[in-house]
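Peer 1: First the structure, which I've put down as structure tokens, then a few questions once you've had a look.
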Amino acid sequence: MNHFDVAIIGLGPAGSMAALLLESYGMKVLCIDREKEIYNLPRAVTVSDQGFRMCQLAGIDDIYLKNSTILGGAYFSNKNLEIIGGSIDLKGFVSANGWPASSLFHQPFTDRDIRNKLENSNVEIILEHEFISLNQNQESVSFKTINLRNQEEKEFTSRYLIGSDGGSSVVRKQLDIPQEDLNYNRDWVVIDVELNNPDKLGDKLIQVCDKERLATFVPSHLPFRRWEFIIHEHEDKESFLEDTIIHELISKWLKPEEYRIIRKAVYQFHSVIAKNFQKGNCFLVGDAAHQAPPFMGEGMMSGYRDAVNLSWKIATSIKNKLNANLIDTYEIERIPHSRFVVKNSAGIGELMEAYAEAETPEQVAQDLVQKGYGSFILPNLTKGLFFGGKADESMNAGEIFPQPVEFENKEIVRRMDHILGKGFSLISNYPFEISEDNHEFLDLLGCKLVTLEKKYIAENPWMKPLLEKDRTYLIRPDRYIFGSTNSNISIDMLINDLKMRIMN
Ligand SMILES: Cc1cc2nc3c(=O)[nH]c(=O)nc-3n(C[C@H](O)[C@H](O)[C@H](O)COP(=O)(O)OP(=O)(O)OC[C@H]3O[C@@H](n4cnc5c(N)ncnc54)[C@H](O)[C@@H]3O)c2cc1C
């Protein structure tokens, strides 16, 4: 029987991200997927600034970069495609993460390259095998798979198991974890086309609030374009996959001879979240843990956040033989954040419906308008592995630390998260000292001590307000701030608090 540090069930985006990270932390990883090929129906198209930064951690930012285009903006329109609200212009906008707010990518290209990268890594991948059941005790998980080519059953064991097996997760069912339904369940048809002619559709995403049929236009990475149309309850879902119907739906934008339909699918857009993301040594990540309608383009991003949050905690626990305290912070941190994404993604759908129903956009209630683009930002983490166990604005605990970057002519020309390293880091604008004992502990964690050069502070509008306070920040491997020093809190107090939280 083969034993692994971590077994990953499901090699979609979330499982692949977890596999790459865990392998990079030196873990022995097994991945199981029931499919031979990568998924090829139309799904994710946008990757956020934080998404790109997480890809940097896993060494796949270049894959997204070469297959993506920056999104110009977004707005809500009436049926004639005239702006009625929530318009945002994203041109030239770069965030503290060092990347544009949103970029459009072609998923078959990125998934193929990510799979190639995994196949050339030390990760063991077994395809065309379906996960069927598991058992666990305090020390490990044993599980069974079935070979879909010859029906042979196989058994494996691992210290930890990650269920990244998508919306109908068998891992979640085996763990008997119920889901909470946040009440957005609508059928939509999703269509990807390849343009035959030069593009004339612009670079803005449009949420079309047409009472007859809500729609979304996505200006995907050229030469591709994406449309999504709601299907009403009385309508025949399958008919929406017929070319003649698709041509009619897209006729507001293009004539049939101007494009070729390349992918199409009918989905029920859900908003659900699992009650727990962990049971014993088993974890849920990605759509297995939460599903959001795609209006915010944050579903896969949430899955990436899960994978990033969990991977370093698993690796640190295994390497240092820690008890469960560190790993238990995974769901404490991830459930409230994922819930926000699921709820607010559905909120955009509700706002579209409200605009479509209203005679004039002004009639739409302000609390709904606040759900639109430009009105909210992703929240910080609230509770978990932070100084004192919770986020604290005065120390920036729970926030993401900005990426060190180099500017030329006000444009970012180099992104330098590598300065922070792959593990924890202590970062300041001045040389600092820590006690001998704490040095040993930080060495165990592979923590980098960084005095950031002045040029990276003065030119960086996000770094400047943090480091000009003459503070030292303790940053986690996922770039969240654990805490920072102030007149009452010394560096050693920060480190002692971290030690107490993960070693006791
Ligand atoms: C139309 C649409 C548009 C979207 N747009 C965006 C977007 O722009 N940005 C964004 O961030 N998100 C977007 N999303 C959401 C995003 O696509 C999903 O959140 C993401 O694909 C989920 O990834 P995952 O790895 O969790 O699951 P999946 O991609 O579903 O992968 C699950 C894997 O598990 C395997 N598997 C399942 N069961 C078993 C089993 N029993 N044994 C072995 N293997 C198994 C499957 O074969 C599959 O490979 C969109 C979704 C839709 C539907």
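The values are calculated or read from the model by the stated rules, or taken from the named source; none is laboratory data. Note that the structure is predicted; figures quoted are calculated from it, not measured. Cβ atoms come from the backbone with ideal geometry, glycine included; neighbour counts cover every protein chain shown. Accessible surface is based on the protein model in full, side chains and every heavy atom, while ligands, DNA and RNA are left aside. Shrake-Rupley method; radii C 1.70, N 1.55, O 1.52, S 1.80 Å.
Peer 1: Among (1) in contact with a strand residue (DSSP E or B) (Cβ under 8 Å, 6 or more places away or on another chain); (2) touching a residue at least 12 places away in the same chain (Cβ under 8 Å), which single condition is Ser435 missing?
Peer 2: That leaves (1) as the condition not met.
Peer 1: Oh, and also: How many residues are surrounded by fewer than 17 Cβ atoms within 10 Å (Cβ to Cβ), among the polar types (S, T, N, Q) and not in a loop (DSSP other than H, G, I, E, B) if we restrict to the stretch 120-148?
Peer 2: Total satisfying the criteria: 3.
Peer 1: Same structure again: Limited to the stretch 329-364, what total is found for residues that are under 12 Å from Leu182 (Cα atoms) and among the basic types (Lys, Arg)?
Peer 2: Summing the residues that are under 12 Å from Leu182 (Cα atoms) and among the basic types (Lys, Arg) in the stretch 329-364 gives 2.
Peer 1: Moving on. Mind listing whichever residues of the stretch 108-119 are aliphatic (A, V, I, L, M) and either open to solvent by 40 Å² or more (accessible area, probe 1.4 Å) or within 19 Å of Leu161 (Cβ to Cβ) (or both)? Outline the logic, then answer.
Peer 2: Taking the stretch 108-119 and keeping what is aliphatic (A, V, I, L, M), we get 114, 118.
Listed by number, the list holds a single entry, Leu118.
Peer 1: Going by what's in this entry, would Asp497 be described as at positive phi, in contact with a Phe, Trp or Tyr (Cβ under 8 Å, 6 or more places away or on another chain) and touching a residue at least 12 places away in the same chain (Cβ under 8 Å)?
Peer 2: So Asp497 does not fit the description; no.
Peer 1: Condition check: within 26 Å of the chain's Cα centre (by Cα), touching a residue at least 12 places away in the same chain (Cβ under 8 Å) and part of a strand (DSSP E or B). Does Ser103 satisfy that?
Peer 2: In short, yes.
Peer 1: Another question about this same structure. When you scan the stretch 392-481 for helices (runs of 4 or more DSSP H) that lie fully inside it, which ones turn up with 1 or more residues that are out of contact with any Cys (no Cβ under 6 Å at 6 or more places or on another chain) and within 25 Å of Leu65 (Cβ to Cβ)?
Peer 2: The qualifying helices (runs of 4 or more DSSP H) are 454-458, 463-467.
Peer 1: Looking at (1) modelled with pLDDT of 95 or more; (2) within 28 Å of Leu378 (Cα to Cα); (3) among the basic types (Lys, Arg), find the lone condition where Lys91 falls short.
Peer 2: Going through the list (1) modelled with pLDDT of 95 or more; (2) within 28 Å of Leu378 (Cα to Cα); (3) among the basic types (Lys, Arg), Lys91 breaks only (1).
Peer 1: Among the residues of the stretch 149-176, which ones are within 14 Å of the ligand (Cβ to nearest atom), open to solvent by 20 Å² or more (accessible area, probe 1.4 Å) and touching a Lys or Arg at 6+ places or on another chain (Cβ under 6 Å)?
Peer 2: Glu153, the sole residue that qualifies.
Peer 1: What residue, among those in the stretch 268-321 that are among the hydroxyl-bearing types (Ser, Thr, Tyr) and more than 15 Å from Ser168 (Cα to Cα), is surrounded by the fewest Cβ atoms within 10 Å (Cβ to Cβ)?
Peer 2: Filtering the stretch 268-321 for residues that are among the hydroxyl-bearing types (Ser, Thr, Tyr) and more than 15 Å from Ser168 (Cα to Cα), the one surrounded by the fewest Cβ atoms within 10 Å (Cβ to Cβ) comes out as Ser317.
Peer 1: Turning to a different aspect of this structure: I'd like to verify a number: residues in the stretch 462-490 that are open to solvent by 20 Å² or more (accessible area, probe 1.4 Å) and more than 26 Å from the chain's Cα centre (by Cα), how many?
Peer 2: 11
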